[in-house]
Amino acid sequence: MSQSKRLRIAIQKSGRLSKESQQLLKSCGVKFNVNEQRLIAHADNMPIDLLRVRDDDIPGLVMDGVVDLGIIGENVLEEEQIERQLAGKPAGCTKLRDLDFGSCRLSLAVPNEFAYKDAASLEGLRIATSYPNLLRRFMQEKGINYSDCMLKGSVEVAPRAGLSDGICDLVSTGATLEANGLYETEVIYRSMACIIQSIEEQTPEKQALIDKILSRMNGVIRARESKYILLHAPTETLDQIVALLPGAENPTVLPLNDDTNRVAIHAVSSEDLFWDTMEELTALGASSILVMPIEKMMG
Ligand SMILES: Nc1ncnc2c1ncn2[C@@H]1O[C@H](COP(=O)(O)OP(=O)(O)OP(=O)(O)O)[C@@H](O)[C@H]1O
Ligand SMILES: O=P(O)(O)OC[C@H]1O[C@H](OP(=O)(O)OP(=O)(O)O)[C@H](O)[C@@H]1O
Ligand SMILES: [Mg+2]
């Protein structure tokens, strides 16, 4: 069991996940100030300590029970899990939920002049990557022999530098690949950020705090994905209009002053309302359409 009476949460110190991890915890009511020089940030209003570390270290810290929770990309989690299974080290942890950020994919990419047909085009070649285990699993499934070149960063420059024939690295918009004269040929893993818990037994107090944070996180993420919609609708097209609102259950329908042919609709939609739908709504006679963000949700 983690020795500390306070709940320990590991988050990325600086990088793609750090701001959003901090923001998510703040939205769950955890109050803390980060001092860039310090590894630990203590929450002021709850028995929670945040450990700010390199993202690569987060899965191991959770799997060894050094911290109770960690916010991490699934790509790093899966890579560490394979690594530890091979080394016979503890690799257990529980994924509590996917988060709504850090979406990216681990892909194979080759120089623009490379005539790639399928994964077999890489037979006998060298691939640079920071994810040797995920790459090996993919290549073994395809039965392709290759050699790897392990790089912790700047993987995209490897082919130009003559270090490898292709790469296996994270892609989001594809801008980094393009800037380095590479193109994506195969997605080998799709990833999101997630929150994981150590499998060590928790004290009832700490488990209750984990459950509280998770329940708040569910509310914050559900609210971020939802919209509050207000509009006026002709009574004759009311059913069609309600059917167009994405995931809106039991909308409130209210009468309008001095207008018996129209009603006001208030609805919580589980998704954003896109311009196309707004145009379809107006074509059905809807007016005064307002789409508003929701800050918190519960129950
Ligand atoms: N372009 C991207 N768009 C969205 N998410 C990304 C992107 N690149 C990486 N990620 C996600 O964010 C995680 C952290 O990426 P980052 O580039 O900050 O890692 P790093 O350089 O290894 O950081 P550290 O210094 O902590 O080791 C990745 O493991 C992945 O899950
Ligand atoms: O497809 P794109 O939108 O261009 O994103 C992909 C890039 O993002 C990540 O690096 P990051 O920018 O986080 O910097 P790093 O190389 O220092 O980790 C990843 O390692 C790629 O290099
Ligand atoms: Mg890292």
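Return the residue satisfying two criteria in turn: it lies in region 66-90 and is buried (at least 22 other Cβ atoms within 10 Å of the Cβ) and either small (Gly, Ala, Ser) or free of Cβ contacts under 8 Å to residues at least 40 places away in the same chain (or both), and of such residues it is nearest to Asp49 (Cα to Cα). Per the criteria, the residue is Gly70.
Would you check if there is a residue in region 218-231 being more than 14 Å from ligand 1 (Cβ to nearest atom) and free of Cβ contacts under 8 Å to residues at least 60 places away in the same chain?
As a first pass, look at region 218-231 and keep what is more than 14 Å from ligand 1 (Cβ to nearest atom): 218-231.
Pick out the ones that are also free of Cβ contacts under 8 Å to residues at least 60 places away in the same chain and you get 231.
There is at least one residue in region 218-231 that is more than 14 Å from ligand 1 (Cβ to nearest atom) and free of Cβ contacts under 8 Å to residues at least 60 places away in the same chain.
Among the conditions (1) in a helix (DSSP H, G or I); (2) modelled with pLDDT of 95 or more; (3) away from ligand 1 (no atom under 16 Å from the Cβ), the only one that Leu135 does not satisfy is (3).
Of the residues Lys31, Lys5, which single one is more than 14 Å from ligand 1 (Cβ to nearest atom), modelled with pLDDT of 95 or more and not in a strand (DSSP E or B)? Step through it out loud before you land on a result.
On the way: Lys5 fails: modelled with pLDDT of 95 or more.
Just a single option satisfies the conditions, and that option is Lys31.
Please determine, by comparing only the residues of region 49-61 that are more than 10 Å from ligand 1 (Cβ to nearest atom) and part of a helix (DSSP H, G or I), which one is surrounded by the most Cβ atoms within 10 Å (Cβ to Cβ). So the residue we want is Pro59.
Test Ser191 against the stated conditions and say whether it is small (Gly, Ala, Ser), more than 16 Å from ligand 1 (Cβ to nearest atom) and modelled with pLDDT of 95 or more.
Numbers: small (Gly, Ala, Ser): yes; more than 16 Å from ligand 1 (Cβ to nearest atom): no; modelled with pLDDT of 95 or more: yes.
Taking the combined requirement at face value, the residue does not satisfy it.
Looking at region 150-162, can you tell me whether even one residue there is more than 16 Å from ligand 1 (Cβ to nearest atom) and touching a helix residue (DSSP H, G or I) at 6+ places or on another chain (Cβ under 7 Å)? The answer is no, given that none of the residues of region 150-162 is more than 16 Å from ligand 1 (Cβ to nearest atom) and touching a helix residue (DSSP H, G or I) at 6+ places or on another chain (Cβ under 7 Å). Per the listing Lys31, Lys26, Lys5, the residue uniquely over 16 Å from the mean Cα position of the chain (by Cα) and either crowded, with 19+ Cβ neighbours inside 10 Å or in contact (Cβ under 8 Å) with a residue 24 or more places away in the chain (or both) is Lys5.
For region 180-218, filtering for residues that are under 21 Å from the mean Cα position of the chain (by Cα), part of a helix (DSSP H, G or I) and surrounded by 17 or more Cβ atoms within 10 Å (Cβ to Cβ) leaves 4.
Looking only at residues that are part of a strand (DSSP E or B) and among the basic types (Lys, Arg) in region 75-101, which one is nearest to Leu135 (Cα to Cα)? Explain how you work it out, then say what you get.
Within region 75-101, the subset part of a strand (DSSP E or B) is 94-98.
Subsequent filtering for residues that are among the basic types (Lys, Arg) retains 95, 97.
Values: Lys95: 22, Arg97: 25 Å.
Result: Lys95.
Annotation: of all residues in region 62-73 being within 12 Å of ligand 1 (Cβ to nearest atom) and touching an Asp or Glu at 6+ places or on another chain (Cβ under 8 Å), the one that is farthest from Leu25 (Cα to Cα) is Gly73.
The values are calculated or read from the model by the stated rules, or taken from the named source; none is laboratory data. As the structure is a prediction and not an experimental result, all values here were calculated from the model. Cβ sites come from the backbone with ideal geometry, for glycine too, and all protein chains shown count toward neighbours.
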